[in-house]
Structures are given as C-alpha cells and as structure tokens.
Amino acid sequence: MKRISFLLTLFIFVGAEALAQFQNPVTFSATQKKVADDVLEVIFQGTIAAGWHVYGTDIADGGPTRAELTLETQKGVKPDGKLRATGKVQKKMDEMFGMEVSYMEGAASFVQRFIITEPEYEVAGYLTYGACNDENCIPPTDVEFRFKGEKALSNSPLKGEDKVASEPVIATDTASIAISPSDENSTKEVSPRGDLEGALWSPVVDELKAFEEASSSLPLREGRGGSAGGLWSIFLLGLLGGLIALLTPCVWPIIPMTVSFFLKRSEDKRKGIRDAITYGISIVVIYVLLGLLVTLIFGASALNALSTNAVFNIFFCLMLLVFGASFLGGFEITLPSSWTNAVDKKSSSTTGLLSIFLMAFTLSLVSFSCTGPIIGFLLVEVSTTGSLLAPTIGMLGFALALALPFTLFALFPAWLKQMPKSGNWMNCIKVCLGLLEIAFALKFFSVADLAYGWHLMDREVFLCLWIVIFALMGAYLIGWIRFPHDEDEYDEMGEVVQRPRTSVIRFFMALAAFGFALYMVPGLWGAPCKAVSAFAPPMSTQDFRLGDASVEARFNDYDEGMAYAKAHGMPVMLDFTGYGCVNCRKMEAAVWTDPQVADLMREEYVLITLYVDEKTPLPEKVTVQENGSAVTLRTVGDRWSYLQRSKFGANAQPFYVLIDNAGHPLTGSYSYNEDVAAYRAFLEKGLQNYRK
C-alpha cells in the first residue's frame with residue numbers, strides 16, 4: 001500500500017512538473033464586429049487560468065510585456081484611436097520594476113476600432129500579449145487575425161482562419177499600434193529546426209523528463225506555495241499576534257480575575273469551567289466576525305487593490321506610526337467609555353450565554369488600546385494576499401491565542417498561582433512592538449515613494465532607518481533608554497534604582513536586536529541583505545554600491561554561445577528569461593549573488609541568456625509547423641521562445657537548463673525557487689555529469 005501511495009504521489013508530481021513547465025494559461029479568440037456601416041471593431045477575448053494575470057497596454061518601457069497590436073495589412077481601413085482594454089483592469093505598484101502596472105485576471109478583453117474608408121476592406125495583423133503568475137511568466141505570445149468585408153456589410157462572425165485560439169494575454173487602457181507593410185515574400189517556410197545545425201536544435205524533451213523522473217532531488221523543482229500554505233501562514237501570523245497581545249498590560253492582568261470570577265460565581269465547578277470555556281469561544285466568535293466583516297465591507301479584490309494603491313499605502317504608514325507611538329507611551333488609543341459601560345451594564349442585567357458573550361465583548365473593548373494596533377497591523381498585512389478568507393483566518397488565529405489561556409486556567413486553576421505577575425516586562429513588550437510597527441510603516445511608505453517617484457525612501461535610506469530602529473530596540477532592552485510608561489524600580493530600602501539590572505531574557509533579546517542592526521550595515525554599500533529583501537526597496541534604488549556581485553551572461557545568442565562552449569570544452573547553462581519577468585529578477589538578486597553560485601556560473605559554465613521578449617526583428621520572418629499549425633517567428637525573442645518550446649517542451653520563465661556541447665541535458669531543469677542550496681546542487685549535479 002505504501003508503495004502504491006508513493007508511486008501515485010510520484011505520478012502526480014511528475015504530471016504537475018510537466019504542466020508547470022509548459023503553460024497554456026490563456027486562451028484567446030479574435031472576432032470582428034460592425035458597429036456601424038463605416039465602423040469596424042476587432043475584438044480579442046481571452047480566458048485566463050486561475051492564479052495568472054495578463055498585463056495591460058499602458059505599461060511604460062522597462063516594465064513587463066504590455067499588450068500591443070501590430071498591423072501587417074490595412075486596405076480600406078484606418079485605425080480609430082488606440083488599442084483599448086475593455087475588461088476589468090486592476091493596477092498595482094510593482095516594486096521590482098519600480099512602476100505601476102495594469103493587469104487583468106480571470107478574463108481579458110481588448111478592442112481596436114477602425115474606420116472603413118473604401119467599399120471593400122481587408123485588415124490583418126496580430127495582438128502581442130504576455131502573462132505571469134506568482135512564479136513564472138510565459139513569453140510574449142501573438143494572436144493573429146485577418147478579416148475581409150464590405151462597407152455596408154452587417155455584423156459578421158469569424159469564419160475559418162479568422163478565428164484564433166492562443167495562450168496568455170495582458171490588458172490595459174491604451175497602447176500604440178505598430179504598422180508594418182505586408183510582404184508575403186518575406187516569410188520563409190523552413191523545417192522546425194530552422195537553418196541551424198540540427199543537433200543543437202533537435203528536441204530533448206524525453207531526455208529531460210527522464211532526468212526529472214529519475215531524480216530524487218525533489219527540492220530542485222520550482223516552489224509550490226499553494227493557497228493552503230498561504231492560509232496556514234496567515235493563521236500562524238494571527239496566532240503570533242494573539243500571543244503577543246496576551247502579554248500586554250491590557251490583557252494579562254484580566255486573565256486571573258476573569259477565570260476566578262467564573263469559578264467562584266457558581267457552586268458547581270463543572271458549570272464554572274463550562275462558562276469559562278464558553279467565554280473563550282465567545283472571544284473567538286467576536287474576532288472571527290470582525291474578520292468576516294472586513295471581507296464583506298471591502299471584498300478580497302478591494303483589499304488587494306488597497307494594499308497596492310499608493311494613497312492607501314501612505315494611510316497604512318500613518319496608521320502604523322500612530323499605533324507605534326501609542327505603544328511607546330505617547331498616548332493611549334481607547335474606544336469611547338460609553339461603549340464599554342453600555343456593554344458592561346447589559347452583561348450584568350442578562351443571564352446565560354448572552355451574558356458571557358457580552359462579557360467577552362467587554363474584554364474586546366477594554367483591551368482595544370493594546371489589541372487594536374496588533375489587529376490593525378494583521379489586517380493590513382493579510383490584505384496583500386487578495387484571498388477572500390485571509391482576514392477571517394488571520395482573526396481566527398489571533399482569537400484562538402487570546403482565548404486559550406482563559407480556557408486552560410479554568411480547567412487547571414492551580415496554574416493561576418504560577419502566572420508571572422504583572423510588571424514592567426509588559427511595557428517592554430509594548431515598546432518593542434511599537435518599534436516594530438514603526439519599522440513596518442516604512443515599508444508601506446516605500447511603496448508610495450516608488451509609485452510617485454519621490455526618491456525619498458531609496459534602499460540605503462530605508463536600511464539606515466531600520467538600523468537605527470533596531471539599535472534603539474537593543475538600547476531599550478539593555479536599559480540605556482526609557483519611555484514615559486516605564487515604571488521605576490526600587491531596591492530593598494525603597495530607593496529608586498537608577499540603573500536596574502538587565503534580566504537574562506532582555507539581554508538575549510537585545511543581542512538579537514543589535515545583531516540584526518549590524519547585519520543590515522553592509523547593505524548600505526550594496527550587500528543583498530536577503531533577510532530584508534522582501535521589505536526594502538529594490539536594489540535599483542541604491543545610489544552607492546561597492547563592487548558588483550551580479551553574474552553577466554557571456555552570450556545572448558544560442559548558436560554563438562554553443563560554438564564557444566564546444567571550442568573551450570565547457571558545459572552550458574541556458575537561461576530563458578524576459579525583460580518583463582519579475583521572478584527572473586528575484587532569482588538573479590537572491591540566488592545568483594551567492595558567492596558559491598556566482599563562482600560556479602562564472603568559472604565552470606558558459607552562461608547563455610536568451611530573452612524571449614526581445615523585440616529585435618529577424619532578418620526574415622520564419623514560419624514553422626508546431627502542434628499541427630503554422631507559427632510565424634518575427635523577432636529574436638520569438639526565436640528563443642520557439643527554441644525553449646520545441647527543444648525542451650517548456651514555455652515559462654525563469655527556466656534554467658544545463659546542456660553539454662551537443663545540446664543534450666545534463667540534469668533536470670530548474671525553475672523559480674529561491675533556495676540557494678538547491679540551486680547550487682543543481683549546478684554541481686550538471687557539472688558532475690558533464691565531467692563523466
């Protein structure tokens with residue numbers, strides 16, 4: 001039975017790998033529609049797979065692939081305006097590219113309008129689009145169309161060659177139309193191998209699959225963070241927030257009082273325990289309802305849009321700064337006392353489950369000055385996931401951690417005597433939490449700064465502020481600075497201790513804070529600082545760098561690079577990438593900068609980087625037969641994309657494959673996975689097989 005389960009798991013894994021490498025996430029069709037006797041619309045409609053998105057038309061140069069329309073034939077028509085995205089376009093700030101990008105999810109729609117100027121017309125060309133998910137991008141893909149008709153012709157559906165199905169797409173509101181003359185003689189019919197040496201372009205899909213099926217190094221495969229894993233992370237984040245809230249002065253002292261009340265108010269001990277458990281369940285219900293309320297008010301897509309909107313990022317920044325100042329002792333954030341009094345009075349006048357529920361609600365109101373900033377921070381963080389369940393799952397974790405002590409101490413009342421007494425240690429937790437909220441506030445300001453191009457929060461400025469914040473945290477923990485709500489400590493004679501002793505726990509916490517601050521110092525001169533790369537602005541905003549840890553490709557042409565490798569007897573690493581591939585840049589920043597990885601790539605391999613979205617036109621257009629249909633290669637990027645599809649059976653980027661001098665794979669392929677050790681093992685395995 002175990003063997004069958006293992007084989008089934010392996011089968012599913014291999015199948016998933018095949019699907020992950022060759023993506024077909026978007027299907028497009030093109031139709032024509034007469035909206036008036038002299039007005040024609042060409043409509044492109046696409047269906048996008050879950051988790052993928054298609055970019056729009058208003059993306060600036062240097063960003064991901066935008067949707068563009070190229071006209072090769074236009075007889076009797078002229079474009080009326082630019083290509084328009086008519087689907088539901090969303091926008092967000094892309095920190096990797098440092099710009100705002102537009103995209104569509106679920107479905108994409110583009111329309112180009114033409115004015116018919118002659119009795120008969122003909123228009124032909126292609127829509128170019130690109131699509132990405134959280135781990136991969138597909139190369140720019142063309143949707144070809146050709147329509148003919150008459151000026152007085154009524155609405156006509158597509159027929160035969162006029163209907164096209166394709167892969168992914170991208171949407172936006174405006175895009176330029178590139179017009180090129182139609183020249184039937186400029187298209188050359190060739191074999192799938194092109195006019196190159198056959199061995200280098202011959203398919204090796206079966207060999208690659210054999211390596212991957214035989215490999216036991218499953219970590220070499222791309223990351224598989226599913227939605228379930230994401231929700232578990234959110235739940236654990238909420239649980240951590242609830243545990244921290246427990247240790248604040250607003251909650252910790254209430255625990256023994258509340259538990260003792262339930263145990264003493266009833267002569268029946270079982271009833272007292274049951275009431276305490278009901279009290280804990282009521283806390284869970286209250287906070288889960290809060291999470292549901294946030295989702296119902298905003299919706300998952302609206303929360304995600306807010307999290308990437310520049311204005312709201314400034315709002316989030318200011319909100320966290322206010323919460324941080326409150327935790328540092330500047331002031332207290334409290335709800336109106338009339339609310340608390342009204343709920344407390346109502347709970348006293350009622351009995352049964354309603355009374356217990358209202359008591360739990362009173363706790364939520366009374367403790368808001370401590371729990372409010374934590375809840376606010378959690379809701380802001382989970383909003384970036386765009387998941388419908390994220391706020392609810394986050395609040396579930398928070399509430400479980402908050403309610404658990406009330407239940408446990410009711411079941412085991414003897415533990416109450418062993419509870420640490422309230423004291424200055426709780427203020428210490430509040431101060432550290434306040435400094436952390438201020439640090440995260442800078443992250444949200446950074447997003448707005450990138451969106452507006454203020455250049456106020458470049459990478460070194462961000463790191464400077466984080467270094468100071470965590471150094472101040474260490475200084476506070478060690479006792480060098482104090483805040484308004486820190487209580488004085490007294491010796492046995494009743495005298496104020498000017499320099500209280502530092503506990504062992506505070507010493508180790510201070511050690512961690514100072515160590516983290518020092519860890520970020522090299523980042524001021526361009527060190528990667530991978531532990532904070534998810535929060536800091538991109539490396540492109542860094543003004544000053546010492547040295548260059550980047551790895552540069554020796555060749556950007558497959559045939560030239562292969563000839564060099566053969567002459568020097570070196571294995572080849574093919575890097576299929578794109579100018580608009582976000583995860584490609586992440587791999588280069590997080591993995592390629594590792595010294596051991598960089599040394600292997602520079603010294604042991606001939607690195608050939610092939611950009612599948614390179615727009616340089618080929619000297620001659622090439623038509624190849626692929627999957628039973630003709631595909632036209634117009635650009636250098638089309639050529640490299642075809643090489644990846646035909647030779648390796650993959651079309652997603654990033655995609656790395658190691659080959660020998662005859663073009664045969666040395667090990668399985670590698671996709672997006674920022675595990676440095678796995679990537680290094682991938683390179684070493686290929687080198688080992690080459691030397692054999």
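The values are calculated or read from the model by the stated rules, or taken from the named source; none is laboratory data. For clarity, every value in this text was computed on a predicted model and none was experimentally measured. Quick reminder, even Gly has a Cβ in these numbers, built from the backbone with ideal geometry, and neighbours come from all protein chains shown.
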Members of the stretch 277-305 found to be over 12 Å from residue 391 (Cα atoms), hydrophobic (A, V, I, L, M, F, W, C) and at pLDDT below 75, listed by number = 302, 305
Just to be sure, is residue 392 modelled with pLDDT of 75 or more, of a type in the set (S, T, N, Q) and under 22 Å from residue 238 (Cβ atoms)?
-> yes
Selection within the stretch 553-595 - closer than 20 Å to residue 668 by Cα and among the charged types (D, E, K, R) | 575, 588
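If you take just the strands (runs of 3 or more DSSP E) that sit entirely in the stretch 581-692, which of them hold at least 3 residues that are surrounded by fewer than 19 Cβ atoms within 10 Å (Cβ to Cβ) and in contact with a helix residue (DSSP H, G or I) (Cβ under 9 Å, 6 or more places away or on another chain)? Write out each step before concluding.
Details: elements: 606-611, 617-626, 629-635, 655-659.
Fully inside the stretch 581-692 and qualifying: 617-626.
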In the stretch 534-574, anything outside any loop (DSSP other than H, G, I, E, B) and either among the hydrophobic types (A, V, I, L, M, F, W, C) or modelled with pLDDT under 80 (or both) is listed as 539, 540, 541, 555, 562, 563, 565, 567, 572, 573, 574
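Suppose we keep only residues that are among the β-branched types (Val, Ile, Thr) and in a loop (DSSP other than H, G, I, E, B) within the stretch 46-68. Which one would you say is nearest to residue 93 (Cα to Cα)? Give the steps one after another, and end with the answer.
To start, the set of residues in the stretch 46-68 that are among the β-branched types (Val, Ile, Thr) comprises 47-48, 54, 57, 59, 65.
In the following step, the residues that additionally are in a loop (DSSP other than H, G, I, E, B) were identified as 57, 59, 65.
Working: 57: 16, 59: 11, 65: 15 Å.
Checked the stretch 46-68; the qualifying residue nearest to residue 93 (Cα to Cα) is 59.
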Could you grab me the full set of residues in the stretch 666-677 that are closer than 19 Å to residue 136 by Cβ and over 21 Å from the mean Cα position of the chain (by Cα)?
-> 668, 669
Residue check, residue 577 in contact with a Cys (Cβ under 6 Å, 6 or more places away or on another chain) and not assigned by TED's automatic domain parsing to the domain that holds residue 141 = yes
Please verify whether the stretch 607-614 includes one or more residues that are of a type in the set (Asp, Glu) and touching a Gly at 6+ places or on another chain (Cβ under 6 Å).
-> yes
Residue tally, condition under 21 Å from residue 49 (Cα atoms) and assigned to a strand (DSSP E or B), over the stretch 69-93 = 4
Please state which of the following conditions residue 44 fails to meet, knowing it meets all the rest: (1) within 20 Å of residue 132 (Cβ to Cβ); (2) modelled with pLDDT under 90; (3) crowded, with 22+ Cβ neighbours inside 10 Å.
-> (2)
Give me the pairs, please: first residue somewhere in the stretch 670-692 and in contact (Cβ under 8 Å) with a residue 40 or more places away in the chain and in the same structural domain as residue 604 (by TED's automatic domain parsing), second residue anywhere and in a helix (DSSP H, G or I) and charged (D, E, K, R), beta-carbon distance under 8 Å, and either six or more positions apart or on two chains.
-> 672/586; 674/586
